[in-house]
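One structure is given below, encoded as structure tokens.
The values are calculated or read from the model by the stated rules, or taken from the named source; none is laboratory data. Please read all numbers here as calculations on a predicted model, not as lab measurements. Here the Cβ is made from the backbone with ideal geometry for all residues, glycine too, and neighbour counts use every protein chain on show. The area values use the complete protein model at the heavy-atom level, side chains included, leaving out ligands, DNA and RNA. Shrake-Rupley method; radii C 1.70, N 1.55, O 1.52, S 1.80 Å.
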Amino acid sequence: IYIKDLFGDKYLFEIPNFQRSFAWDKENFELLFSDIKDALQLNKENGKKFDEYEPYFLGSVILLTKKSKDDGSGDYAIIDGQQRFVSLAILMAVMRDLTKDSDFMTDLQTSIYQKASKAKGTSEKVRIKVREKEEIFFKNHILTESGTKINKIDKSSLSEPKQHMIEAIEIFKNAFKNGKETVDRTFLEDCIKYLLQKVVLVVIKTSNLASAFKLFNVINARGMPLTNADLL
């Protein structure tokens with residue numbers, strides 16, 4: 001499933017409380033971004049038109065179905081893939097706040113958050129509901145437009161997961177700057193299109209929690225090492 005569809009109207013995700021906290025750090029964020037950037041640059045160097053670009057495979061995720069419809073839309077708990085889901089949401093929030101193109105801004109914002117609207121009769125939709133301890137912070141600094149402007153935040157006063165979120169914002173912001181500390185807007189727009197249209201995840205769904213854990217144990221030989229407590 002491509003990112004534009006996975007973060008589209010059909011899916012809502014939540015991180016169960018039994019999940020470990022958001023734990024990716026500088027190295028993980030840099031690697032995620034460089035992998036996507038390298039895939040984009042390779043396509044450009046090969047002289048292909050955008051429609052011909054090869055997609056970038058970002059691995060597999062395991063979802064536990066909470067409720068769903070026949071078309072696959074519904075609510076899902078993230079059993080494996082939390083770190084990537086949250087990091088991708090932060091990356092989209094950073095790009096949303098850096099771009100000056102209103103269409104890009106709107107598309108990125110609606111990919112991660114939809115405000116309630118009395119006129120349209122739509123309810124609030126948070127694409128990824130994070131753990132309760134980080135929920136308000138995530139809404140203020142990721143889901144809210146201009147929320148990634150975090151210059152005045154004292155990181156030392158934050159919990160570790162929140163510090164990691166701030167670190168992700170800083171790293172992704174710097175990744176779009178050229179030597180003059182200004183945003184490379186051509187590169188930014190190329191990345192927005194490539195991320196939404198060409199980055200793909202394999203999604204494994206199950207409605208059975210025991211099956212989800214079994215799949216998790218089989219697949220999770222990669223990624224961040226888990227402690228015995230995490231596995232338990």
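Per residue, what volume in Å³ does the convex hull of the Cα atoms of the stretch 1-123 enclose? Intermediate results must be reported in sequence, preceding the final value.
Details: hull volume 19.2 nm³, N = 123.
Dividing the Cα hull volume of the stretch 1-123 by its residues yields 156 Å³.
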Query raised in the report: Antiparallel DSSP bridges in the chain: what percent, to the nearest 5?
Result: 45 percent
Report summary line: Expected field for residue 78, accessible surface area in Å² at 1.4 Å probe radius, rounded to 10, holds 0 Å²
Query raised in the report: Around residue 75, with a cut-off of 10 angstrom between Cβ atoms, what is the net charge of the other residues, counting Lys and Arg +1 and Asp and Glu -1?
Result: +2
Query raised in the report: When you take every Cα atom in the stretch 107-184, what is the radius of gyration, and what is Dmax, the widest Cα pair distance, in Å?
Result: 14.7, 46
Query raised in the report: Using the heavy atoms of the protein chains alone and a 1.4 angstrom probe, what is the accessible area of the chain per residue in square angstrom?
Result: 55 Å²
Requested in this report: Determine how large the accessible area of residue 126 is when every protein chain is in place; take a 1.4 Å probe and give Å² rounded to the nearest 10.
Outcome: 40 Å²
Report summary line: With all protein chains present and a 1.4 Å probe, the order of 227, 186, 65 from largest accessible area down is 186, 227, 65
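Quick check: net charge around residue 130, other residues with Cβ under 13 Å of its Cβ, Lys/Arg +1 and Asp/Glu -1?
Spelling it out: positives minus negatives among the neighbours equals +3.
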Query raised in the report: When the helix-only estimate is applied to the chain (DSSP H runs of n ≥ 4, each -39,500 (n - 2.57), divided by the residue count), what is the mean residue ellipticity at 222 nm, nearest 500 deg cm²/dmol?
Result: -13500 deg cm²/dmol
Query raised in the report: Which of the GluC sites (Glu not before Pro) across the stretch 155-187 are loop residues per DSSP, with 16 or fewer other Cβ within 10 Å?
Result: 181
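Whole number please: convex hull volume per residue, Cα atoms of the stretch 82-232, in Å³.
Given the Cα convex hull of the stretch 82-232, per-residue volume reads 173 Å³.
Probe radius 1.4 Å, ligands and nucleic acids ignored: give me the carbon and sulfur share of the accessible area of the stretch 39-163 as a rounded percent. Intermediate results must be reported in sequence, preceding the final value.
Working: 3120 of 6830 Å².
Ligands and nucleic acids excluded, carbon and sulfur give 46 percent.
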